[in-house]
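**Q** I'd like to ask you about the structure that follows.
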Amino acid sequence: MSIPTPDETTTGNTKTIAFFGATGGSTNACLTHALQAGYHAVALARTPSKLTSQLLNQGLSQNTLDSQLRIIHGDATDPAAVRETILLSPTHLVSQIISGLGSFPVLSRGSFFLPHITLDNPTICESGAKALLSALRSIYSDYPSLESSRPLLTVISSTGLTTSPTPTDLPFLALRMYHFLGAVPRADKMRMEALLSVSQTADLVRGVVIVRPSLLKGSGNVTGEGKGWKNIRVGKEQSPAVGYTVTRADVGEWIFEEVVKKEGDDWIGEKVSLTS
Ligand SMILES: NC(=O)c1ccc[n+]([C@@H]2O[C@H](COP(=O)([O-])OP(=O)(O)OC[C@H]3O[C@@H](n4cnc5c(N)ncnc54)[C@H](OP(=O)(O)O)[C@@H]3O)[C@@H](O)[C@H]2O)c1
């Protein structure tokens, strides 16, 4: 596997993008589009062989993976592994970070015997955000000149986090379902979003794009699953796109087209709702 050279981090579409959670469908779709377009990528994975076979199944060649992708074997809650993923050399950081960390849902009995969904790791998004901020702090402490090339951060969160008076991004019929079934994942996402507020991250990243998809469908396969990134509805926090579902393929493609390619120009500092 070749490691992108420092010059490749800043020139043309050979910028290097870091991915966390790339064996998840949405982030996998984004990574696939990025590699197809010639970007270089570093991805942290707990099971590198799983990521490799997913990308080959997406139609990428082994040659593309060998020349454009570096996979770091590790855990996204480990600041040392995160640091290894985003620090390319003592003089270069990745230009963007895309994180779609999530955890395996487990059905559990909630209050009043109503079921709710908890997670295999109920703090994965919060822990991942903490590890990332910790890794960035340690990098700037060791290499202060890198503060001038702070990366852009995009995280996948969820709809259903807004509270009055902010308009809800959930359709009426989904409100109760989210309340009873989604309390644990939602709380984790809220803690992650709080950690990534401008006041906490301004000196660490160039900006943060928070993507809030509605209920996710499909595996993230980039051919034939989605309706296309231009055909989904997109909203911001004060005027959210309200809907039930969106495919992982469309979420990944939207992040690639609007954030990776355009440097997130229209979306930095926004909580972007995506739905079909
Ligand atoms: N399900 C929904 O309807 C829905 C709706 C809105 C938002 N979301 C959120 O959207 C995001 C993306 O969802 P998705 O379905 O595309 O992906 P996903 O299936 O939730 O994938 C989660 C990713 O996180 C990785 N991961 C988990 N713990 C890790 C750790 N400790 N270290 C390294 N990697 C770790 C997983 O790796 P492994 O392969 O090693 O497990 C996987 O790559 C998630 O945060 C999800 O909660 C979901």
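The values are calculated or read from the model by the stated rules, or taken from the named source; none is laboratory data. Here the structure is a predicted model, which means the values were calculated and not measured. Ideal geometry is used to build each Cβ from the backbone, glycine not excepted, and the neighbour counts take in all protein chains shown. Just the protein is used for accessible areas: all its heavy atoms, side chains included, with ligands, DNA and RNA removed. Shrake-Rupley method; radii C 1.70, N 1.55, O 1.52, S 1.80 Å.
**Q** If I model the range 181-276 as equal point scatterers sitting on the Cα atoms and use the Debye formula, what is log10 I(q)/I(0) at q = 0.15 Å⁻¹?
**A** -0.63
**Q** What does the highest-first list of 134-140, 159-165 look like by mean Cβ count within 10 Å?
**A** Taking the mean over residues of other Cβ atoms within 10 Å, the ranking is 134-140, 159-165.
**Q** Pairing the Cα long axis of helix 25-36 with the longest principal axis of the chain, what angle in degrees results, from 0 to 90 and rounded to the nearest 10?
**A** For 25-36 against the chain, the angle is about 30 degrees.
**Q** Next question. Between the range 30-94 and the range 148-193, what is the separation of their alpha carbon centroids in Å?
**A** Value for the Cα centre distance between the two parts: 27 Å.
**Q** Between their Cα atoms, which of 50/230; 236/262; 50/236 are more than 26 Å away from each other?
**A** 50/230; 50/236
**Q** Taking residue 261 as the anchor, which aspartates and glutamates have their alpha carbon closer than 14 Å to its alpha carbon, excluding any fewer than eight residues away along the same chain?
**A** Leaving aside aspartates and glutamates fewer than 8 places away in the same chain, those within reach of residue 261 are 253.
**Q** Considering only DSSP beta bridges with both partners in the chain, what is the antiparallel share in %, to the nearest 5?
**A** Among the beta bridges of the chain, antiparallel pairing accounts for roughly 25 percent.
**Q** Which of the peptides 70-80, 25-35, 222-232 is most tightly packed, and how do the rest follow, going by the mean number of other Cβ atoms within 10 Å of each residue?
**A** 25-35, 70-80, 222-232
**Q** Still on this structure: List the residues of the range 164-191 whose backbone N lies under 17 Å from a point placed 7 Å from the Cα of residue 107 along the Cα-to-Cβ direction.
**A** Zone members listed by number: 177-185.
**Q** If one takes the longest principal axis of the Cα atoms in the chain, at what angle in degrees, from 0 to 90 and to the nearest 10, does the Cα axis of helix 172-181 lie?
**A** Roughly 70 degrees, rounded to the nearest 10.
**Q** Give the cross-link partners of residue 130 among the lysines, using a straight C-alpha distance below 22 Å as the criterion and excluding same-chain residues fewer than 8 apart.
**A** Once the sequence-local lysines are set aside, what remains near residue 130 is 189, 271.
**Q** Can you pull the percent of the chain's accessible area that's carbon plus sulfur, 1.4 Å probe, other chains left in place?
**A** 55 percent
**Q** Can you give me the accessible area per residue for the chain, using a 1.4 Å probe, in Å²?
**A** Each residue of the chain exposes 44 Å² on average to a 1.4 Å probe.
**Q** Any idea how far apart residue 179 and residue 80 come out in nm if each label point goes 7 Å out from Cα toward Cβ?
**A** Here the modelled spin labels are 4.7 nm apart.
**Q** Multiplying the sequence separation of residue 236 and residue 206 by 0.36 nm and subtracting their Cα-Cα distance, what value in nm do you get?
**A** 8.9 nm
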